[in-house]
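The values are calculated or read from the model by the stated rules, or taken from the named source; none is laboratory data. Note that this is a predicted model, so its numbers are computed, not measured. Neighbour counts are summed over all protein chains in view; Cβ atoms, including those assigned to glycine, are modelled from backbone coordinates with ideal geometry.
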Amino acid sequence: MQMTFHRKLPIPQEVKAEFPLTERMEMIKAQRDESIKAVFDGHLDKFLLIIGPCSADHSEPVLEYISRLRRIQEQVSDKIIIIPRIYTNKPRTTGQGYKGMLHQPDPEAKPDMYKGIVAIRELHLAALRDYDFSCADEMLYPENYRYLSDLLSYVAVGARSVENQQHRLTASGIEVPVGMKNPTGGDLSVMMNSIVAAQASHTFLYRGWEVTSAGNSYAHAILRGYIDFTGRSTSNYHYEDLLRVEELYEKSNLVNPSIIVDTNHNNSGKKYLEQIRIAKDIVHSRRQNPDIKRLVKGLMIESYLEDGAQGIGEHVFGKSITDPCLGWEKTEQLILDLADKL
């Protein structure tokens with residue numbers, strides 16, 4: 001095997017024991033989990049905003065961003081539940097370059113997986129301890145999920161992972177809502193099949209154990225746009241697209257039919273400012289059709305302190321080093337505008 005084995009890393013149970021939650025943090029997490037699940041099963045009429053940086057690159061600006069989200073959450077709490085994005089595994093499409101905080105807690109230093117594990121756990125702990133936010137992360141590596149499993153209230157499976165059997169089976173054993181994105185080629189049947197798999201029980205191999213999952217009744221669809229056969233970025237958030245997914249849900253035996261709309265990626269053509277218009281368009285569609293209102297539970301938005309993106313090494317505080325994001329002023333106004341229209 002052409003690999004260099006550097007060191008054996010601690011198992012999740014050991015890391016959790018070293019960096020534990022307090023009783024208060026466990027209580028807040030449980031309350032948020034209950035509320036978020038109630039949105040997905042239709043018992044709570046609130047709107048979800050899964051919002052934050054494309055990639056959580058440095059702890060300080062991420063926590064500054066989350067502190068601002070906390071202030072605005074108090075203003076819109078009657079209508080919106082904010083779930084901050086703390087995405088700690090960020091692959092580039094080719095797999096080259098910066099891979100996120102898990103690999104490089106310092107984006108300008110060499111990879112250090114142990115420091116990365118500690119850094120991502122400490123960041124999620126700080127969000128919950130200091131700002132009462134249990135957050136969202138992308139499950140890029142299914143075996144790493146347990147390092148954060150007691151902290152996350154939402155998990156996303158990406159467009160390039162949604163066909164992978166290990167992701168589907170692991171999602172079936174996760175206790176919080178898991179969003180399955182449509183694949184980059186746009187085939188909605190792939191996304192729906194992944195939800196079917198995630199909602200079912202399975203016996204499989206996980207972290208060296210034979211395990212049986214309970215099935216995740218909160219697994220659901222994320223629409224993020226796609227690349228068509230000509231290589232053109234194509235959106236799938238429009239009124240007719242939402243009705244199409246509703247039809248697919250009606251033909252399935254799935255429970256809690258739900259959609260989260262990703263306002264960036266191929267829905268925006270990676271034109272990050274388009275997220276504002278797209279978000280408002282989704283809310284308008286919900287207001288026009290009660291079936292869409294029941295189906296669309298929220299939005300996924302890429303946002304940070306500063307507009308746009310920068311290169312690694314430019315050192316602009318709170319500006320994305322991966323995909324461009326909405327800056328804070330635009331984000332704050334968008335959240336308030338959405339709350340007014342819900």
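Listed conditions (1) in contact with a helix residue (DSSP H, G or I) (Cβ under 8 Å, 6 or more places away or on another chain); (2) more than 29 Å from PHE47 (Cα to Cα); (3) loosely packed, with under 15 Cβ neighbours inside 10 Å are all met by PRO105, apart from (3). For the list (1) crowded, with 22+ Cβ neighbours inside 10 Å; (2) of a type outside the set (Lys, Arg); (3) farther than 19 Å from PRO177 by Cα; (4) in contact (Cβ under 8 Å) with a residue 60 or more places away in the chain, I need the number of the one condition that LEU248 fails. So LEU248 meets the others, but not (1).
Of the set (1) on the phi > 0 side of the Ramachandran plot; (2) assigned to a helix (DSSP H, G or I), all apply to SER285 but (1).
For segment 316-323, indicate whether the set of residues that are in a loop (DSSP other than H, G, I, E, B), of a type outside the set (Asp, Glu) and over 21 Å from the mean Cα position of the chain (by Cα) is non-empty.
The first filter runs over segment 316-323 and keeps only residues in a loop (DSSP other than H, G, I, E, B), leaving 316-319, 321-323.
Retained after the next criterion (residues that are of a type outside the set (Asp, Glu)): 316-319, 321-322.
Subset that is over 21 Å from the mean Cα position of the chain (by Cα): 316-317.
Within segment 316-323, one or more residues are in a loop (DSSP other than H, G, I, E, B), of a type outside the set (Asp, Glu) and over 21 Å from the mean Cα position of the chain (by Cα).
If you check GLY298, GLY313 for being part of a loop (DSSP other than H, G, I, E, B) and not hydrophobic (A, V, I, L, M, F, W, C), only one passes: GLY313.
The set of residues in segment 112-122 that are surrounded by fewer than 23 Cβ atoms within 10 Å (Cβ to Cβ) and either on the phi > 0 side of the Ramachandran plot or not basic (Lys, Arg) (or both) comprises ASP112, MET113, TYR114, ILE117, VAL118, ALA119, GLU122. Of all the residues in segment 210-245, those that are touching a residue at least 24 places away in the same chain (Cβ under 8 Å), surrounded by fewer than 21 Cβ atoms within 10 Å (Cβ to Cβ) and among the charged types (D, E, K, R) number 2.
Residue check: VAL211 meets all listed conditions (1) touching a helix residue (DSSP H, G or I) at 6+ places or on another chain (Cβ under 6 Å); (2) under 25 Å from ASP33 (Cβ atoms) but one, namely (1).
Taking segment 251-285 as the region of interest, how many residues are of a type in the set (D, E, K, R), without any contact (Cβ under 8 Å) to a residue 40 or more places away in the chain and within 27 Å of ASP41 (Cβ to Cβ)?
First pass over segment 251-285, keeping only residues of a type in the set (D, E, K, R): 251, 262, 270-271, 274, 277, 280-281.
Of the ones still in play, those that are also without any contact (Cβ under 8 Å) to a residue 40 or more places away in the chain are 251, 271, 274, 277.
Among the residues that remain, those that are also within 27 Å of ASP41 (Cβ to Cβ) are: 251.
Residues meeting the conditions: 1.
For segment 149-161, the condition holds for no residue, the condition being that it is surrounded by fewer than 21 Cβ atoms within 10 Å (Cβ to Cβ) and over 30 Å from PRO107 (Cα atoms).
Please indicate, with yes or no, whether at least one residue in segment 268-281 is modelled with pLDDT under 95 and either acidic (Asp, Glu) or within 30 Å of GLY215 (Cβ to Cβ) (or both).
Here is the first cut: in segment 268-281, the ones modelled with pLDDT under 95 are 270.
Then keep just the ones that are either acidic (Asp, Glu) or within 30 Å of GLY215 (Cβ to Cβ) (or both); that gives none.
No, segment 268-281 contains no residue that is modelled with pLDDT under 95 and either acidic (Asp, Glu) or within 30 Å of GLY215 (Cβ to Cβ) (or both).
Look at segment 177-199: where a residue is of a type in the set (Phe, Trp, Tyr) and surrounded by fewer than 24 Cβ atoms within 10 Å (Cβ to Cβ), no partner that is assigned to a strand (DSSP E or B) and at pLDDT 95 or above sits 6+ places away or on another chain with Cβ atoms under 8 Å. Applying the set (1) touching a Leu at 6+ places or on another chain (Cβ under 6 Å); (2) closer than 20 Å to ALA156 by Cα; (3) assigned to a strand (DSSP E or B) to TYR237 leaves exactly one unmet item: (3).
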